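Worksheet: one structure, shown below.
The values are calculated or read from the model by the stated rules, or taken from the named source; none is laboratory data. Remember, it's a predicted structure, so these values are computed and weren't measured experimentally. All Cβ positions, even for glycine, are placed from backbone atoms using ideal geometry, and neighbour counts span all protein chains on display. All accessible areas refer to the heavy atoms of the entire protein, side chains included, with ligands and DNA or RNA removed. Shrake-Rupley method; radii C 1.70, N 1.55, O 1.52, S 1.80 Å.
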Amino acid sequence: MDSLLAPSSTSSFPFLNNNSNNRIEHKSLPSSLCFFNLRKFSTVSFGYNRRSCRLRLSSSRRSKIKCSTSPTMSSSASPEIPQPKIVNGPGGYVLEDVPHLSDYIPDLPVYSNPLQDNPAYSVVKQYFVHVDDTVPQKIVVHKNSPRGVHFRRAGPRQKIFFDSDDVHACIVTCGGLCPGLNTVIREIVCGLFHMYGVRKVSGIDGGYRGFYAKNTVHLDPKVVNDIHKRGGTILGTSRGGHDTSKIVDSIQDRGINQVYIIGGDGTQRGASVIFEEIRRRGLKVSVAGIPKTIDNDIPVIDRSFGFDTAVEEAQRAINAAHVEAESFENGIGLVKLMGRYSGPGGLFEYIERRLKENGHMVLVIAEGAGQELLSESLQSMTQKDASGNKLLQDVALWISQRIKDHFSKERKMTINLKYIDPTYMIRAIPSNASDNVYCTLLAQSAVHGAMAGYTGFTSGLVNGRQTYIPFYRITETQNKVVITDRMWARLLSSTNQPSFLCPKEILEDQGHEESSNELLDNGKCSPN
């Protein structure tokens, strides 16, 4: 599917030629008629430049796409805001493709991938990703289910759209800290340097506002050699500061043509806006995102980097709370962790019962739980931080005081409650070995995608395979804890705790996921 390129004014079909500079010669074709070598697919739809493309299959398996362009659209006009780039195929196959530079820039030079001459990769059989490789979003299906939504598989391509000597890449980290940030930075730099021979990589200091408010930092393998052993980010970070025009002006003025943006859903929304402005200006700049969240709440992808490390570190706090709790009569250890969408109900009665049975207990509460119960802070429910996230009150301090008041005033029962908040300790530690490997895969996939001319995408793991996901799929929703699924049932069984839900709440929640047969792309059943 790498051949699916739709320039705004002319279309070109590349013919390989063994020139000394590895450039691939082009022969231009009229913009009204484009020919692409595609297989299997029956419909291709684009939202770019008022261009509608329809694919007709031929018996020779070589297909022709006739692209009609509005006569009022000139080559100098600004392209329209693109719609999702969708490819439909037989059996209900749907590819949610990512944008490509050639979708809006005509006559781009194409180069052979230098990895084919790299001794580290030249011995690898079938190293380059096949043009038809895609990854399904849903792998649990019924025998008569449609093939469903797919994403483009990540990895190196035989053809790239940047000359390594001309690349000026930049890396920026935004939002809160997360284990693995430095590892991602390191692997982007080393990937560009060692795989593609890129020598000009800059770090943007201090998040989005660093594009126009601070100096850049030169990055090379020597600078980033040991940074994966440290927590935090060597580039600094911040929330907010997203002035799109200033950011793109800075990118244009500095001659940057590859932008790697590491951050959560708010940061990825900002990256999407930056991509749209770059596309509107017709700049040859690839924008690639690497999703970051310690809450593991980004949709589509299997997990976010740093999550394994965070869980591992959280165990230390929970174990400490357990030691404190069992060392005192009626000891209670309360630990607040990251996460937003869960809440208690019938809690005091359960605490009392557990204390009478075991003499101690440990509570783990998500930072966003029970926000609606904090009646005195309802005004804050509508307030947001610089990244656009709702400001959360400290529910753990509130519930700690409520527990103390309940047992001292109503039950006349002495308890020893210890409250532990390890949030910033968890966020600031270096990533473990598992996350380091994952960070490497994410970073290298982003580099391969940018060099291949893809843009406006996020690098992520889907069903165990590295993929390129359009920005809108990452930012359209958030993963939430589903308290009627198997994972929650396993947790309740493991801890022997009640669900704290009334029958009405259970029925309401089940109404969103039960069905007789059909499965949705998120793995849940469709509603009745």
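Screening the candidates GLN158, GLN126, GLN137 for the property of being free of Cβ contacts under 8 Å to residues at least 12 places away in the same chain and either under 21 Å from GLY449 (Cα atoms) or among the aliphatic types (A, V, I, L, M) (or both) yields one hit, GLN126. Can you pull out every residue in the range 257-299 that is surrounded by fewer than 24 Cβ atoms within 10 Å (Cβ to Cβ) and among the polar types (S, T, N, Q)? Hits for the range 257-299 are ASN257, SER272, ASN296.
Considering the range 160-187, and only residues there that are closer than 16 Å to LEU115 by Cβ and of a type in the set (Val, Ile, Thr), the residue that is surrounded by the most Cβ atoms within 10 Å (Cβ to Cβ) turns out to be ILE160.
Can you tell me how many residues in the range 246-274 are within 14 Å of ALA213 (Cβ to Cβ) and small (Gly, Ala, Ser)? Going through the range 246-274 one residue at a time, the tally reaches 1. Screening GLY456, GLY449 for residues that are touching an Asp or Glu at 6+ places or on another chain (Cβ under 9 Å) and among the small types (Gly, Ala, Ser) leaves exactly one candidate, GLY456.
From the list VAL223, VAL248, VAL217, the one residue that fits, being assigned by the TED database to the domain that holds SER202, at pLDDT 90 or above and in contact with a Phe, Trp or Tyr (Cβ under 9 Å, 6 or more places away or on another chain), is VAL248. Among the conditions (1) over 30 Å from SER238 (Cα atoms); (2) open to solvent by less than 20 Å² (accessible area, probe 1.4 Å), VAL201 misses just one, which is (1). Taking the criterion of being part of a loop (DSSP other than H, G, I, E, B) and at pLDDT 80 or above, the residues of the range 368-412 that qualify are ARG411, LYS412.
Among the conditions (1) surrounded by fewer than 22 Cβ atoms within 10 Å (Cβ to Cβ); (2) within 23 Å of GLY306 (Cα to Cα); (3) not aliphatic (A, V, I, L, M), the only one that SER493 does not satisfy is (2). Checking the structure you have, find out if any residue of the range 353-363 is surrounded by 14 or more Cβ atoms within 10 Å (Cβ to Cβ), closer than 18 Å to LEU492 by Cα, of a type in the set (D, E, K, R) and modelled with pLDDT of 80 or more. Yes - at least one qualifying residue is present in the range 353-363. Taken over the range 413-438, the residue count meeting the criterion of being assigned to a loop (DSSP other than H, G, I, E, B) and not β-branched (Val, Ile, Thr) is 7. Of the residues making up the range 439-482, those that are of a type in the set (Ser, Thr, Tyr), in a helix (DSSP H, G or I) and modelled with pLDDT under 95 are TYR472, THR475.
Screening ARG147, ARG157, ARG152 for residues that are open to solvent by less than 30 Å² (accessible area, probe 1.4 Å), within 17 Å of VAL462 (Cβ to Cβ) and in the same structural domain as GLY236 (by the TED database) leaves exactly one candidate, ARG152. Identify, please: which residue in the range 300-316 is charged (D, E, K, R) and under 13 Å from the mean Cα position of the chain (by Cα) and is, among those, surrounded by the most Cβ atoms within 10 Å (Cβ to Cβ)? Taking the candidates together, the pick is ARG303.
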